[in-house]
Amino acid sequence: IRVFDMIPIRAAAVSAVLATADAFSAMPAGAFAPGHTGPKLALRSSVRQSKVGPIMFETKVFKKETIEFSVAPDPSKEDILRGGRDKFPLVSKAFEGIKKVGVIGWGSQAPAQAQNLADTFKEINLEIPVAIGLREGSASWAAAKQVGFDEAKGTLGIQDEVIKTSDMVILLISDAAQANDYKTKIEPLLKKGATLGLSHGFLLGHLESVGQTFREDLDVVLVAPKGMGPSVRRLYEQGKKVGGSGINASFAVQQDKSGRATDVALGWAIAIGSPLLFETTPTS
């Protein structure tokens with residue numbers, strides 16, 4: 001880095017130091033004395049007193065664990081689920097009633113999640129096809145075929161048809177496409193009572209910003225791997241030989257019309273190879 005390139009950085013740093021000094025000088029005398037609760041310190045205290053409650057979830061399929069992260073006077077508990085290939089056989093129970101999974105898109109996450117799901121289903125002899133749905137003429141068609149998805153097998157097709165024929169649709173298209181197309185080109189095609197799967201909360205935020213919601217008859221779940229798609233795939237394959245390999249994931253349930261949405265989300269996360277699962281919300 002050249003010296004004159006650093007001048008703006010140094011100027012910004014000096015400004016930040018001066019601003020901090022001004023903030024402290026404006027505080028009343030004795031502000032840091034024991035027992036003093038000036039305005040700024042009182043605000044900090046009020047934030048500490050606003051605790052986040054325990055994060056708990058219920059599952060009828062998997063065995064969860066409750067972890068205590070701290071002790072009194074400010075305890076914090078959270079339910080987690082440990083994944084692993086030994087949990088794969090339970091995926092069939094979690095996916096009861098689902099006869100076809102459609103993965104829409106071919107970006108970072110879609111190739112990894114679709115291949116991992118298909119491999120897991122094959123390993124446990126679960127006869128649920130995983131089909132890739134792409135726009136007609138998509139440049140990704142050849143890439144999907146190269147890793148084994150194929151029209152003749154019913155595992156590669158036009159996006160609209162895959163959506164209409166799937167019981168669970170995992171929507172992994174771009175943010176712009178979700179915003180533009182979900183209400184007009186995707187949701188109307190979803191089966192009644194289908195499960196919509198997302199891997200981040202953008203779509204929910206977009207719908208709320210325009211005063212819309214998801215269709216009431218749908219289950220809406222989220223599984224968000226904490227890594228890019230290529231890592232999700234690479235570590236899943238590594239996990240075939242090395243125990244514990246995988247990318248952790250958060251999960252969330254936005255709508256649970258069927259009463260089974262949590263187990264579907266957990267089964268999805270287990271099937272793509274996540275070794276540790278923890279609950280969040282689509283908005284956070």
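What follows draws every value from the coordinates through simple rules; no lab data is involved. Every value quoted in this text rests on a predicted model; they were computed, and no experiment measured them. Glycine gets a Cβ as well: all are built from the backbone with ideal geometry, and neighbour counts include every protein chain shown.
Things worth noting here:
- If only the Cβ of Lys and Arg carry +1 and only the Cβ of Asp and Glu carry -1, the dipole of the stretch 184-258 around its Cα centre is close to 460 debye.
- Electrostatic tally near I128: other residues with Cβ closer than 9 Å to its Cβ, Lys and Arg +1, Asp and Glu -1, net 0.
- Other residues whose C-beta falls under 15 angstrom from the C-beta of G259 contribute a net charge of -3, scoring Lys and Arg +1 and Asp and Glu -1.
- Using a cutoff of 8 angstrom between alpha carbon atoms and counting only pairs six or more residues apart, the relative contact order for the stretch 132-284 works out to 18 percent.
- Convex hull (Cα only) mean projected area of the stretch 142-284, reported in nm² to one decimal: 9.2 nm²
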